[in-house]
Amino acid sequence: MLFAQNSKDSSSPFSLPVLFFITFLLWIFAFKDFVFDKITLSSDALAYYEHFKVFTDGLRRGVFPMWDPTWITGIPEEFFLRRMGSFNPFIWIIIIFNKIGIPYNIAYLLFLSCYYFFGMVGFYLLAKRIIKDSAIAFLAYLLLMFSSLGTRMFDSYILLTFVPMVWFFFFCVAFCQNPQRFYFLGLIFSLMILFTTYIPFYFITIFLTFLISLVILYFAQLKEIAAKALFFIKGNKGFVILCCLFFFISLWPGCLFYKEAQKGEMVFFERHSTSSVSNQVSVGIETVTSWGIEEDIAYASAFTDLKRFKFAILYISFFAYLIFLLGIITDVNRKILFLFVWAGLLILITTPRLSGIYDYLYQHVFYFKYFRNLHFFLWLVLLPIFILFLSGQLKNLLSFQPKTKTGRIGFLTFITLVHAGFLYFIYSQGSNIASSYAVVILSWLFLTLYFLGRIKTCYLPIIFLVIVIIQPLEVYHYLSRNSIPKVKSFKHVYESDYLFPRMIQTENKLIEMKQSFAQEIKGLSHYAENKTSNSYIGLKWMNLFKNNLNLKIFDEYSAYKIVLYDHVEWMKDDQVDFERLGKAIANSENVAFISESPQKEGVGALGSSAQIITAESKEVKILKYDFNDVILKTNLNKEKFLVYNDSYHSGWHVFIDGKEAPLFRTNVAFKGVWVPAGEHQVWFRFGTALDYFRNYFLLMMFYAVFIYLLFLGKNLYSQKVIN
Amino acid sequence: MIKFFSFITRKVFFLYIVIFFIAYRFLDYQSVFEISRLKTLNRLVPPSFSGLVQYSQGTEQLKKEDLESYLYYFNKVIEYVPYESDLADAYGMLGFCYYAKGEPHKAIDFYKKAIGLNPHFFWFHYNLGLIYYKQGRYKEAMDSLDHAISSNPGVIVEVLKTSRIYRQVMELSKYSTQNMDIGLKTVYRNAYLLLITMHDARKDYPKMFDYAGVAIEVKLDDDGLFYFYQGLAAYRLKSYNNAIFALQESLRRNQNNADTFYYFGLSLDAVGKKDYAQAFLKQAEVRRRVTQGYSFDPQKVNLKIF
């Protein structure tokens, strides 16, 4: 039974924790060039490094970053925080490693490695609960650990969804088998992480198909499980209510982000371009179906020569395929059927061209319009299900005992023929790495000796370790060889000290830039041009500004963070004259353009130049700057309109001497405020008090739940040891 | 029987049979498979074909790892693409790459396959002819080059611009088609010159005369070279008046070739104009000491992709 508690344990003379540690070290060795930053991160992994850097830098300063000033000219951080799962307590691993002296980039990569290992341990525990054999579960762990799922941490972010999901299923199965507070809280905490990391709809789809498969194949047992769960809830009412409350509170950031995306201030060019729904995070069906599971499989099948191995290629040790082939003579049981049905349902749902189910769901189930990477299902769930399926088959195979001598000879002949056939197959495919053949030979030796009774079951873990690991070590050597080495140290844009509000250059550099711009801009015949934006995400107004101004003008303008003007002019949103705007910027005209009717227009000669602040002075001084705010001390001889060239967003507020003042959207995409003459403090702040409260409260809540979970786990473990 | 059936249906392979049947009967797995393979080709494209194009133009050596990546990609194109028109181009590219790799036999096979799918494309015939020539298989070389020169140059440019493979190669190597016409003229010249020199070697002077004449007709003669070969052929055929005419045309275009003066002098001598003949023969001697003359070296003509 899937949920029966008793498990048969083939205990090994080799301590499993020691074996786990050894496998972790071997994994680090296989990926040493990646983990120790000799090879660059690729694709989305690079963006995620940035997001984590911003967030951990903020945490270290005691600031919850809600604005990222480093993304073009600034953007709300919420999208990136949701992507990375900002409330995950494991993020502190990066900070702790960095604090003890490990360089940040290595600390980050070690965090990913440890988090991945943590996920694999969860998978082992889940496999052990399902298969009820620790040696076979260890094999499942090895197959997944050394599959190419691990490579995705260096080019993608799937890991951040995978790890909490595998622990969710572990806690879910464990709770169904043995309702305990620890498992219930673990289940809830995993859900909390899942719903605050990236897009939870992958998990929802996986879970719903899991439930459907469960209902189909384990309907009778469900009654028993429901009864146990009800009994637990009755006996732990307060605890359950509190856990549910935690879970519902954790939905808060996701809901807020959904609402934010609905407003349209943020734009997602790539994902939203083909969508008919107004919400910016929705995806059009053409975007979704551009690459899916079938493409990932076809892509992997193009790399029969493993010497060409690179990222995003589905790979698993050849031992898995041998088990698959040998398993055809084993009996089908409900567990195997369950995994089959679950995988089959997922494939039908998530492969649009295979059946019309996905199209139907896209039209009628709202959340299907909000996720697009269907090939993620291959990595997140189909690969682990396949491994669990194989593990079940191997268990059945190893328990097969032919009763007669003829039967034994026939079975051994079958094993030999399968191995010989597979050997010929890999040879004919042009697979020319030695370890491929070694795996087949070792597998044949193992199975032959096992069925001849020459191998004790206690040695199985170490045998599995040798057979499974041999090929990946060679394959990942080729991955290292085929990847781009890191030629220079990747420095985050603000790893240098701030010299002025956010990433401004030194004064000498500014003068140099200004002179160079002056040369380039002099004699410009046009100040506006139409370009298509290709940023993944941006702010609507900044996007408009960037795409309609001459690029040189945009570059110059963005270099100066503070500009003082004497005059403002109203430029309506539906009548933006980019030519006029560009010319005004290029000639440093003393007029700023605001998007609403000005309360005052300013005094002084219109023909004079705007005052560009290039360094701190008596007039403008920075008292404080950080992710979410900047505090300036001004001492102007007359009232001026101060423009802060950081992206405008409705979440920004400005306070002059503690009193909120009107903030204008200026020059299409930036922030501007009237500053009176004399000494004043001007405080630009992103977010409201509620935003700050929410984020800090959620952080504390997540950390508290996690610590309590560890406490419950320790108690449960101590109880087990005593028993 | 029931026992046996019950035994079989309990096994995993029966489950696979059922799944396979369902997939075969109810799901359009074949088109899914074909479409997904085509899409993966986009990911298998090398980041640049600059190495291939520069090698084709004779400006750079081709790196081994680049060549392997091109071979890998074009082999995948052949494996995945069902459209014949693109396959011909892919075969042609493979022919070129295998020749660059030093495997002319494979190159010949691929060019033959390319020609089988698209028998009217200049570059397949030209490159195949060149390979035969370098291997000393002159008869086959002449056949191929004959086919090459019979194709319309105007059509070639259009085909290159519409071919998916060629467009991809040009885009990813930032190759401009602006001077393609000039390049084509050069290779057509080479084709004719190779044919002429081969017929010269075989002492097939009537053919040599004809080819030179056609080359002149299609305006490939900018420097008098084809007039020279026409004149040479005519001289060897003892058609001295034709020789004089052709060689004179050659001299009008180029007065640096000693051989032109030499054969012109011999032709004049043959028709009895000995004084003039002596003058031209002396000019020939002078030029032989000073200039190199026409410098067509068949061994230096190399395969190209465009």
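The values are calculated or read from the model by the stated rules, or taken from the named source; none is laboratory data. Because the structure is predicted, anything quoted here is derived from the model rather than measured. We place every Cβ from the backbone using ideal geometry, glycine too, and count neighbours over all the protein chains shown.
Scanning the stretch B:219-242 for residues that are part of a helix (DSSP H, G or I) and within 17 Å of B:His199 (Cα to Cα) yields a total of 12. Any residue in the stretch B:215-228 that is on the phi > 0 side of the Ramachandran plot, buried (at least 24 other Cβ atoms within 10 Å of the Cβ) and not charged (D, E, K, R)? For the stretch B:215-228, residues on the phi > 0 side of the Ramachandran plot, buried (at least 24 other Cβ atoms within 10 Å of the Cβ) and not charged (D, E, K, R): present. Taken together, the residues in the stretch A:279-307 that are within 18 Å of A:Ile199 (Cα to Cα) and either polar (S, T, N, Q) or outside the structural domain of A:Phe377 (by TED's automatic domain parsing) (or both) amount to 5. Of the residues contained in the stretch A:255-269, one or more are found to be touching a residue at least 12 places away in the same chain (Cβ under 8 Å), buried (at least 18 other Cβ atoms within 10 Å of the Cβ), in contact with a Gly (Cβ under 6 Å, 6 or more places away or on another chain) and more than 22 Å from A:Cys176 (Cβ to Cβ). Check the stretch B:147-161 and report whether any residue there is in contact with a Leu (Cβ under 8 Å, 6 or more places away or on another chain), within 30 Å of B:Lys64 (Cα to Cα) and either buried (at least 18 other Cβ atoms within 10 Å of the Cβ) or outside the structural domain of B:Lys304 (by TED's automatic domain parsing) (or both). Checked against the condition, which is being in contact with a Leu (Cβ under 8 Å, 6 or more places away or on another chain), within 30 Å of B:Lys64 (Cα to Cα) and either buried (at least 18 other Cβ atoms within 10 Å of the Cβ) or outside the structural domain of B:Lys304 (by TED's automatic domain parsing) (or both), the stretch B:147-161 yields at least one hit. The residues on offer are A:Phe655, A:Phe670, and the sole one that is crowded, with 20+ Cβ neighbours inside 10 Å, touching a residue at least 24 places away in the same chain (Cβ under 8 Å) and aromatic (Phe, Trp, Tyr) is A:Phe670.
Against the test of being within 13 Å of chain B (Cβ to nearest Cβ), hydroxyl-bearing (Ser, Thr, Tyr) and more than 21 Å from the chain's Cα centre (by Cα), the options A:Ser290, A:Ser301 yield a single qualifying residue, A:Ser301. Among the residues of the stretch B:198-213, those identified as out of contact with any His (no Cβ under 9 Å at 6 or more places or on another chain) and loosely packed, with under 15 Cβ neighbours inside 10 Å are B:Ala201, B:Arg202, B:Lys203.
Taking the criterion of being over 22 Å from A:Leu144 (Cα atoms), assigned by TED's automatic domain parsing to the domain that holds A:Leu160 and modelled with pLDDT under 95, would at least one residue in the stretch A:391-398 satisfy it? Outline the logic, then answer.
Of the stretch A:391-398, the ones over 22 Å from A:Leu144 (Cα atoms) are none.
No: the stretch A:391-398 contains no residue that is over 22 Å from A:Leu144 (Cα atoms), assigned by TED's automatic domain parsing to the domain that holds A:Leu160 and modelled with pLDDT under 95.
Out of the residues in the stretch A:658-667 that are touching a residue at least 24 places away in the same chain (Cβ under 8 Å) and in a strand (DSSP E or B), which is farthest from A:Asn547 (Cα to Cα)? If we take residues in the stretch A:658-667 being touching a residue at least 24 places away in the same chain (Cβ under 8 Å) and in a strand (DSSP E or B), then A:Phe664 is farthest from A:Asn547 (Cα to Cα).
Determine, yes or no, whether B:Ala88 is within 11 Å of chain A (Cβ to nearest Cβ) and assigned to a helix (DSSP H, G or I). Reasoning before the result, please.
Details: within 11 Å of chain A (Cβ to nearest Cβ): no; assigned to a helix (DSSP H, G or I): yes.
Judged against the criteria, B:Ala88 is not a match.
Taken residue by residue, the stretch B:176-192 has no member that is of a type outside the set (S, T, N, Q), closer than 20 Å to B:Tyr99 by Cβ and either more than 17 Å from the chain's Cα centre (by Cα) or at pLDDT 95 or above (or both). Among the residues of the stretch A:350-378, the one identified as buried (at least 21 other Cβ atoms within 10 Å of the Cβ), of a type in the set (Val, Ile, Thr) and out of contact with any Leu (no Cβ under 6 Å at 6 or more places or on another chain) is A:Thr351.
Selection of the stretch A:612-652 for residues being surrounded by fewer than 18 Cβ atoms within 10 Å (Cβ to Cβ), among the charged types (D, E, K, R) and part of a strand (DSSP E or B) yields A:Lys621, A:Lys624, A:Lys633. Per the conditions (1) modelled with pLDDT of 95 or more; (2) surrounded by fewer than 21 Cβ atoms within 10 Å (Cβ to Cβ), the sole criterion not satisfied by B:Met170 is (1).
Residues that are more than 20 Å from the chain's Cα centre (by Cα) and either surrounded by 15 or more Cβ atoms within 10 Å (Cβ to Cβ) or of a type in the set (Phe, Trp, Tyr) (or both) within the stretch B:49-67 comprise just one, B:Asp66.
Return yes or no: is A:Tyr198 within 14 Å of another protein chain (Cβ to nearest Cβ) and under 30 Å from A:Asp359 (Cβ atoms)? Judged against the criteria, A:Tyr198 is not a match.
Among the residues of the stretch A:172-223, the ones that are free of Cβ contacts under 8 Å to residues at least 24 places away in the same chain and more than 22 Å from the chain's Cα centre (by Cα) come to 8 in all. Contact annotation: residue pairs with Cβ atoms under 7 Å, 6 or more positions apart or on different chains, pairing a residue in the stretch A:328-344 that is at the interface with another protein chain (Cβ under 7 Å from one of its Cβ atoms) with a partner that is assigned to a loop (DSSP other than H, G, I, E, B) and at pLDDT below 90, are A:Thr330/A:Phe400; A:Asp331/B:Arg10; A:Val332/B:Arg10.
Say we look at the stretch B:68-84 and pick out the residues that are surrounded by fewer than 18 Cβ atoms within 10 Å (Cβ to Cβ) and of a type in the set (Phe, Trp, Tyr); which of these is nearest to the other protein chains (Cβ to nearest Cβ)? If we take residues in the stretch B:68-84 being surrounded by fewer than 18 Cβ atoms within 10 Å (Cβ to Cβ) and of a type in the set (Phe, Trp, Tyr), then B:Tyr72 is nearest to the other protein chains (Cβ to nearest Cβ).
For the stretch B:19-53, a residue qualifies if it is of a type outside the set (Gly, Ala, Ser) and touching a residue at least 60 places away in the same chain (Cβ under 8 Å), and the qualifying residues are B:Val45, B:Pro46, B:Pro47, B:Phe49, B:Leu52, B:Val53. Just give me the residues in the stretch B:114-139 being without any contact (Cβ under 8 Å) to a residue 40 or more places away in the chain and more than 14 Å from the chain's Cα centre (by Cα), in sequence order. Once the filter is applied, which keeps residues that are without any contact (Cβ under 8 Å) to a residue 40 or more places away in the chain and more than 14 Å from the chain's Cα centre (by Cα), the stretch B:114-139 yields B:Gly116, B:Leu117, B:Gln135, B:Gly136, B:Arg137, B:Lys139.
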